[in-house]
């Protein structure tokens, strides 16, 4: 039973990563060239606290631009739903053991 909760949780987490990737890919042409560079080379660029802050700001700006340009998009709701479902699934197994049938 533990593997089922683990597989479902990982699946929801991967779906949330896929959804945020689709959101960023959709909004990338509307971003500034500097933010496009940060988002395209997210895993390649040098690391450091300053770089992480710039990447975080670029993702936040992409999210806000997506809200502004696509107000009726359901991708943001899907992202939040998948992320919440992965956390609930991760918490579900210990709760299942604690409160489940004995």
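Residues 8, 87, 77, arranged from fewest to most other Cβ atoms within 10 angstrom of their Cβ, appear as 77, 87, 8. Compactness ratio for the chain: Cα radius of gyration over 2.2 N^0.38 Å (N = residue count) comes to 1.35. Between the helical axis of 49-69 and the dominant principal axis of the chain, each derived from Cα atoms, what acute angle in degrees is found, rounded to the nearest 10? Long axis of 49-69 versus the principal axis of the chain: about 90 degrees.
Note on residue 57 and residue 98: the model spin-label points, each 7 Å out from Cα along the C-beta direction, lie 4.1 nm apart.
Between helix 2-27 and the chain there is an angle of about 20 degrees, using the helix long axis and the longest principal axis of the Cα atoms. Compute the long axis of helix 75-99 from its Cα atoms, compare it with the longest principal axis of the Cα atoms of the chain, and write down the angle in degrees, 0 to 90, nearest 10. So the helix axis and the longest Cα principal axis differ by about 30 degrees. With neighbour counts taken as other beta-carbon atoms within 10 Å, the residues 35, 72, 26, 2 rank, fewest first, as 72, 2, 26, 35. Structure remark: mean-square fluctuation, Gaussian network model of the chain, C-alpha springs under 10 Å; the largest value among 53, 40, 25 belongs to 53.
None of the figures in this text is laboratory data; all of them are computed from the coordinates on show. Please read all numbers here as calculations on a predicted model, not as lab measurements. Virtual Cβ from ideal backbone geometry, glycine too; neighbours counted across all protein chains shown.
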